[in-house]
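Note sheet for the following structure.
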Amino acid sequence: MVVTKKIGLRTMGECDLIDITPQVRKEVSSSGINSGTVTLFLAGSTAGISTIEFESGLLSDFQSMWERTVPRSIPYEHDRRWGDGNGYSHVRASLLGASLVVPFTDKTLALGTWQQIVLVDFDNRPRSREVVLQIMGE
């Protein structure tokens, strides 16, 4: 069986990290599927999805890492072409990735004790985001 759900949310941009674990748990629990996998796909090219320990120190470290790895302050061809100043956000999002697969058993996500599912918005402005969930199993 396959059940498709969507999670919509507003983000602030600038490496905004949002813990979406509670929403994913809710959708898996109400899907009618006991065991299987949930595939999460983030529609958009300036945000990504991953897992992390959602703790303030680590969130700060994570945000700092992106500035060191893909800085905002260097020229991007995307910005020259479109003039929107978010070339760095496209590069960051492509490195993080737009999807994640998490197994579950007895309607319980197989996440580690300190592991949460996060949406990371790299864009340079607030956005409306949508995460598509495909819950598959029996």
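Consider the stretch 90-138 and keep the residues that are outside any loop (DSSP other than H, G, I, E, B) and acidic (Asp, Glu). The one that is surrounded by the most Cβ atoms within 10 Å (Cβ to Cβ) is Asp121. Scanning the stretch 84-115 for residues that are in contact with an Asp or Glu (Cβ under 8 Å, 6 or more places away or on another chain) and closer than 14 Å to Arg72 by Cβ yields Gly85, Asn86, Gly87, Ser89.
Just one of the listed residues (Leu40, Leu17, Leu59) is under 21 Å from Gln115 (Cβ atoms) and either exposed (fewer than 13 other Cβ atoms within 10 Å of the Cβ) or free of Cβ contacts under 8 Å to residues at least 60 places away in the same chain (or both), namely Leu59. Determine if the stretch 69-84 includes at least one residue that is touching a Leu at 6+ places or on another chain (Cβ under 8 Å) and surrounded by 14 or more Cβ atoms within 10 Å (Cβ to Cβ). There is at least one residue in the stretch 69-84 that is touching a Leu at 6+ places or on another chain (Cβ under 8 Å) and surrounded by 14 or more Cβ atoms within 10 Å (Cβ to Cβ). Of the candidates Ser64, Ser73, the single residue that is at pLDDT 95 or above and on the phi < 0 side of the Ramachandran plot is Ser64. May I ask you to verify whether Lys6 is of a type in the set (Lys, Arg), in contact (Cβ under 8 Å) with a residue 60 or more places away in the chain and closer than 12 Å to Ile135 by Cβ? Yes, satisfied. The residue list Gly48, Gly87 contains one member that is buried (at least 18 other Cβ atoms within 10 Å of the Cβ), closer than 20 Å to Arg129 by Cα and out of contact with any strand residue (DSSP E or B) (no Cβ under 7 Å at 6 or more places or on another chain), which is Gly87. Evaluate the following for Asp79: is it more than 19 Å from Thr51 (Cα to Cα) and assigned to a helix (DSSP H, G or I)? Spelling it out, Asp79 is indeed more than 19 Å from Thr51 (Cα to Cα) and assigned to a helix (DSSP H, G or I). Considering the stretch 1-71, the qualifying strands (runs of 3 or more DSSP E), each wholly inside and each with 3 or more residues that are farther than 18 Å from Pro103 by Cα, run over 2-11, 16-19. All conditions in (1) within 30 Å of Gly137 (Cβ to Cβ); (2) under 14 Å from the mean Cα position of the chain (by Cα); (3) among the small types (Gly, Ala, Ser) hold for Gly36, with the sole exception of (2). Taking residues in the stretch 114-138 that are in contact (Cβ under 8 Å) with a residue 60 or more places away in the chain and closer than 18 Å to Gln23 by Cβ, and partners anywhere that are surrounded by 20 or more Cβ atoms within 10 Å (Cβ to Cβ) and among the polar types (S, T, N, Q), the pairs with Cβ atoms closer than 6 Å and at least 6 places apart or on different chains are Asp121/Thr11; Arg127/Thr11; Arg129/Thr11; Ile135/Ser31. Considering only residues that are of a type outside the set (D, E, K, R) and more than 19 Å from the chain's Cα centre (by Cα), which ones fall in the stretch 81-112? Within the stretch 81-112, Trp82, Gly83, Gly85, Thr105, Thr108 meet the criteria.
The values are calculated or read from the model by the stated rules, or taken from the named source; none is laboratory data. This structure is a prediction, so every number in the text was calculated from the model and none was measured. Methodologically, a virtual Cβ is constructed for each residue, glycine included, from the backbone with ideal geometry; neighbour enumeration extends over all protein chains shown.
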